[in-house]
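Notes follow once the structure below has been shown.
The values are calculated or read from the model by the stated rules, or taken from the named source; none is laboratory data. Values in this document were obtained by computation on a predicted structure and should not be read as measured data. As a convention, Cβ positions derive from the backbone with ideal geometry for all residues, glycine included, and neighbour counts pool all protein chains shown. All accessible areas refer to the heavy atoms of the entire protein, side chains included, with ligands and DNA or RNA removed. Shrake-Rupley method; radii C 1.70, N 1.55, O 1.52, S 1.80 Å.
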Amino acid sequence: PLPFGHVEDIPFETWRERIREVRPDIIYGMLNAEIIGWVYEVVKAVPEIPFAWHLKEGPHMAVRMGLWEKLVWLYDHAAVRIFLNEVVRDWFMQFLPEEDTPTIILDGDLPKQDYFKDCFSEKLSASDGDVHTVIAGRMIGIGTQGLRVLAENNVHVHLYTENFHIARAKLLNHYKEKFPSHFHLHPHVSPADWTREFSKYDAGWMHNVTSSNGGNLLVATWDDLNLPARMSTYMAAGLPVIHSDNSGNIVAMEKIIDERGIGISYKGMADLVEKLRDRGAMKKIAENVMRHRLEFSFDYHVPEIITTFKKVIN
């Protein structure tokens, strides 16, 4: 089910007939690799209708699934090309013909602006003087040694998820036993409570990944191209984000964060501890987050989407 109304689900058996009855102005194909073959079949069947093609996750998966040829065909023939971010666009343009096709840069996982609320909570750090950080989703790239350094410096890690708890129960219980006062497990939080719950913390962890592309876009991995969905969750809560320093490499997530000044780039946990305790710098980063936070909502991009769609429809 979708979180909004006025949507008609078309049965698979009658989609050709229903499309011809509706005579849509545009077809918007999205979002992940599993749908490539299906969108390809639809738009080939109705070539008279312009279509927008929007892929998120991801081109490397499409290669593994044997869908690369159809993926390139969709971007080559689309009336509107929609890319996850600028780095993903540049990556694809290594393989696509140069054309004046209208292009939109748009993350595929942006939440409604309704969830960017003003119900901010008091920081936990204001009462105990420690630093409290949060992970919304999977815990990626942080291990025992990193947690030890953080705990020794009174930096807490609060992990919010449920399926990850189940999948990694043994490991997470180990962390709880090793760092009982500094590693905390919490249940899932719905979008309606993102601002209130996560604004209690000082910063949020992105995927802690290490890039090795050396500035060569041709060998970039999905971790280099991806923009994790938790970014919007942290923006809704007004949180600075934490990401590892991959200077000298092309990493879309870090490009977006650094251009806006909304995060902490660190080399090693000791460096991170020092930056988290720099209250003046953290205050400036938090101000930048508040300045840019709505850019990470879907509503912010709707005018550009509508304008572009109307242009190609006309």
query: Per the helix-only calculation at 222 nm, which mean residue ellipticity applies to the chain, given -39500 (n - 2.57) for every DSSP H run of n ≥ 4 and division by its residues, nearest 500 deg cm²/dmol?
result: -11000 deg cm²/dmol
- request: On a 0 to 90° scale, report how tilted helix 279-292 is relative to the longest principal axis of the chain, with both axes built from alpha carbons and the result rounded to the nearest 10.
  value: 20
- prompt: What is the magnitude of the charge dipole of the range 1-121 about its Cα centre, with +1 placed on the Cβ of each Lys and Arg, -1 on the Cβ of each Asp and Glu, and no other charges, expressed in debye to the nearest 20?
  reply: 160
task: Could you size up the charge dipole of the range 158-314 around its Cα centre, putting +1 on the beta carbon of Lys and Arg and -1 on that of Asp and Glu, and report it in debye to the nearest 20?
output: 240
query: What is the set of long-range amide H partners of residue 250 at a cut-off below 5 Å, with H atoms built 1.01 Å from backbone N?
result: 213, 214, 215, 216
field: Within the range 43-116, trypsin sites (Lys or Arg not before Pro) in DSSP loop having at most 16 other beta-carbon neighbours inside 10 Å
entry: 112
task: Enumerate the amide H contacts of residue 264 below 5 Å, restricted to partners 5 or more residues apart or on another chain; note that Pro and chain-start residues carry no placed amide H.
output: 241, 242, 243
- line: The percentage of the accessible area of the range 22-175 (probe 1.4 Å, all protein chains present) made up of carbon and sulfur atoms, to the nearest whole number, is 49
- request: Quick one: what are the phi-derived ³J(HN,Hα) couplings along the range 107-116, Karplus 6.51/-1.76/1.60 with θ = phi - 60°, whole Hz, x for glycine and proline?
  value: 5, x, 10, 6, x, 5, 5, 3, 8, 8
query: Which residues' amide hydrogens lie under 5 Å from the amide hydrogen of residue 28, considering only partners 5 or more residues apart or on another chain, with H built in the peptide plane?
result: 52
- prompt: Cα-Cα over 23 Å: which of 70/311; 123/275; 200/255; 112/200; 200/275; 170/255?
  reply: 70/311; 200/255; 170/255
- line: In this structure, the FRET efficiency calculated for residue 69 and residue 128 from their beta-carbon separation, with R0 = 41 Å, to the nearest 0.05, is 0.10
task: Please give the net charge around residue 46, taking every other residue with its beta carbon less than 13 angstrom from that of residue 46, where Lys and Arg add +1 and Asp and Glu add -1.
output: 0
- request: With θ set to phi - 60°, apply the Karplus curve 6.51 cos²θ - 1.76 cosθ + 1.60 along the range 228-240 and write out the HN-Hα couplings as whole Hz, x wherever there is a Gly or Pro.
  value: x, 4, 5, 3, 5, 4, 5, 5, 4, 8, x, 9, x
